[in-house]
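Notes follow the structure.
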Amino acid sequence: MRARVVPGGTVAGRSRVPGDKSIAHRWLILAATARGTSRLSHLPPALDVRSTAWCLSRICSSARSSLEGWISKSGYRDEPHGFTWDTTSSDPSTSELVVEGEGRSALVPSSGPLHCGNSGTTMRLLAGLLAPAPFTSLLTGDASLVRRPMERVAEPLRLMGADVRTTDGHAPVVIRGGRLAGIRFEVPVPSAQVKGAVLLAALRAEGATVLVEPAPTRDHTERALVALGAPLAREGGVITVGPYEHGPLDGTVPGDVSSAAFLVAAAALTGGALTVVGVGLNPTRTHFLEVMERMGVRTRVRPTGEVLGEPVGDLDVLPCHGLVGTSVPRGELPLVIDEVPVLAALAAHARGETSFEGAGELRLKESDRLGGLAEGIRALGGDADVVGDDLLVAGGGLRGGAFDARGDHRMAMALCVAALAAAGPSQIEGMQWAEVSFPGFLDALGSLGAEIEG
Ligand code: S3P
């Protein structure tokens, strides 16, 4: 689907965003494998989350019918109720899931391959879930996912005792699960997916598992496990967890702050004042706000509470009067890994250059985001380059142009936002991919004042 973006509108108002994708994957897995009845609300209908729900429906018999029901009903509707735009449906059955779990020992083999769609998080977390399950599972995915590296998750699971085979380092991945033993593992690349997979496996391993992270990454798995009473300790970058069978979960998934980042940037680029309510404020996810602050975007967070260990609150964006370039050093990158595309969109309009240093990991995302961002910014009439593993964005504004997001949700949304402040109109091909993480993205932007023809 092609979107025509016409600059000139001001993105402003009050908005909600769909539930957090990273949190939803984890809470769904934990709910379907708990002992007891879990209740989750504000689950996002994002395609990636549906992939996790579908895979779980194949391997958790007691949860199957409710998961299948949620997948088929999940959707969103435009419901103003004081919001300029709101994804919350009045029919709770579409965003709420009541799921029966019978514990980890009740997992059953899937009658066919487990299709993870476009979702790396689904594939890697499920690998950890299935490693201690005494049967064979096959995980596969779409054309983008089968190109992404899977050895990084296979290796620690093998060390724990599972038989995990990748296809030249990629999916399809075949897992012959069995008895696992705890390990001490130094995660070679900062990855919340690898960390999450090992933690899920460790819950059914004999003895303690110790993980050492080279840099902090999102900690949703740890927070949920602590909230469920698991024996998990954290000290600096060292996480220790022992075997544990957990009870059910009850919680409302916080709004996805990575989705909110696109609206924040759109408001900043168009000079609008915006409030996004009910977003997750986990510090391992909000670091992009500090980078934006350095660029001249003024935001305020107002914490309102906590759910299953996740802080939640409202996020205000004040009208922005100009952006300046910044540098994002290698050490900061894991904390803004999903926001580099939207930060690059801002950087294209900043005064001066912005550098993202040591960003090679971006080549391994849903598409090669390092090369793709440089090409995208140039395609919209700006200047950007990749030097080694660094992305350099020249700033100075965009003229407008045409870009194909090539099946990558964040690339589609970032270039669409960048185009809002270009001198002339732009065409972004592949906007349907936004549904992977931010269902209703174009409706949200349009309702907040952007001029986009779908
Ligand atoms: C995610 C972890 C990150 C991130 C992805 C979601 C997660 O990937 O880029 O969008 O939910 O654990 P890596 O673990 O590969 O860094």
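The values are calculated or read from the model by the stated rules, or taken from the named source; none is laboratory data. Remember, it's a predicted structure, so these values are computed and weren't measured experimentally. Here Cβ is always computed from backbone atoms with ideal geometry, including for glycine, and neighbour counts include all displayed protein chains. To get the accessible areas, we keep the full protein, side chains included, count just its heavy atoms, and leave off ligands, DNA and RNA. Shrake-Rupley method; radii C 1.70, N 1.55, O 1.52, S 1.80 Å.
With a/c under 1.5 counting as rounded, go ahead and sort segment 393-454 into rounded, prolate or oblate using the C-alpha gyration tensor (a ≥ b ≥ c being the square roots of the eigenvalues; past the cut-off, prolate if a/b is larger than b/c, else oblate). Cα axes put segment 393-454 in the oblate bin. Relative to the longest principal axis of the Cα atoms of the chain, the long axis of helix 192-202 makes an angle of roughly 10 degrees. Cα centroids of segment 400-447 and segment 279-353: 19 Å apart.
Would you work out if the chain is rounded, prolate or oblate? Take a ≥ b ≥ c from the square roots of the eigenvalues of the alpha-carbon gyration tensor; rounded if a/c is under 1.5, else prolate when a/b is larger than b/c, oblate otherwise. Numbers along the way, then the final one.
Details: a/c = 1.79, a/b = 1.50, b/c = 1.19.
Prolate, since a/c reaches 1.5 and a/b exceeds b/c.
In what sequence, largest accessible area first, do PHE135, PHE356 appear using a 1.4 Å probe?
On the way: PHE135 30, PHE356 0 Å².
From most accessible down to least: PHE135, PHE356.
Counting only alpha carbon atoms, the long axis of helix 151-160 and the longest principal axis of the chain meet at about 20°.
Just the number, please: percent antiparallel of the DSSP beta bridges in the chain, rounded to the nearest 5. Working shown, then result.
Details: 50 of 71 bridges.
Antiparallel bridges make up about 70 percent of those DSSP assigns within the chain.
Taking all Cα pairs closer than 8 Å and separated by 6 or more residues, the relative contact order of segment 21-242 comes to 16 percent. Classify segment 313-382: rounded, prolate or oblate, from the alpha-carbon gyration tensor (a ≥ b ≥ c, eigenvalue square roots; a/c under 1.5 rounded; otherwise prolate if a/b is larger than b/c)? Since a/c reaches 1.5 but b/c is at least a/b, the shape of segment 313-382 is classed as oblate. Within straight-line reach of LYS73, meaning a Cα separation under 25 Å, sit the following lysines at least 8 residues removed in sequence or on another chain: LYS21.
Annotation for SER61 and ARG147: the two label points, set 7 Å from Cα along the Cα-Cβ direction, are 4.1 nm apart. Computed over the alpha carbons of segment 21-242, Rg followed by Dmax gives 17.1, 54 Å. Summing charges over all other residues whose Cβ lies under 14 Å from the Cβ of GLU353, with Lys and Arg as +1 and Asp and Glu as -1, gives -2. What nm value, rounded to one decimal, do you get for the distance between ARG330 and GLU306 when each label is placed 7 Å out toward the C-beta? The answer from the label model is 3.5 nm. Sorting HIS287, HIS321 by solvent-accessible area of protein heavy atoms yields HIS321, HIS287, largest first, with a 1.4 Å probe. The long axis of helix 257-270 is offset from the longest Cα principal axis of the chain by roughly 0 degrees. For MET1, the shell of other residues with beta-carbons less than 12 Å away shows a net charge of -2, using +1 for Lys and Arg and -1 for Asp and Glu. Taking segment 220-248 and a reference point 7 angstrom along Cα→Cβ of ARG35, the backbone N atoms nearer than 12 Å belong to 244-248. Farthest toward the positive end of the dipole of the chain, out of GLY247, ALA421, LEU448, is the Cα of GLY247, where the dipole comes from beta carbon charges about the Cα centre.
Of all beta bridges DSSP finds with both residues in segment 21-242, what is the antiparallel percent, to the nearest 5? Mind showing how you got there, number by number?
Details: 22 of 29 bridges.
Counting DSSP beta bridges with both partners in segment 21-242, the antiparallel share is about 75 percent.
Within the shell defined by Cβ-Cβ distances under 13 Å, the residues around ALA171 carry a net charge of +2, with Lys and Arg each +1 and Asp and Glu each -1.
Across the chain, Cα pairs under 8 Å and at least six residues apart give a relative contact order of 19 percent. Over the residues of the chain, the helix contribution to mean residue ellipticity at 222 nm works out to -9000 deg cm²/dmol, using -39500 (n - 2.57) for each DSSP H run of at least 4. Per-residue extension of 0.36 nm, minus the Cα-Cα distance of VAL6 and ALA423, leaves a gain of 149.2 nm for this segment.
Just need the relative contact order of segment 179-302 here, percent rounded to a whole number, with Cα pairs under 8 Å and 6+ apart.
Values: 153 pairs, mean separation 25.2, N = 124.
Relative contact order here is 20 percent.
Here the gap between ARG179 and LEU159, fully extended at 0.36 nm per residue and compared with their Cα-Cα distance, gives a gain of 6.0 nm. Here the gap between ASP168 and VAL238, fully extended at 0.36 nm per residue and compared with their Cα-Cα distance, gives a gain of 22.2 nm. Once the 1.4 Å probe is applied to the protein heavy atoms, the chain comes out at 34 Å² accessible per residue.
Of the heavy-atom accessible surface of the chain (probe 1.4 angstrom), what whole percent is carbon and sulfur? Don't skip to the end; give the middle numbers.
Numbers: 7710 of 15290 Å².
The value for the chain is 50 percent carbon and sulfur by accessible area.
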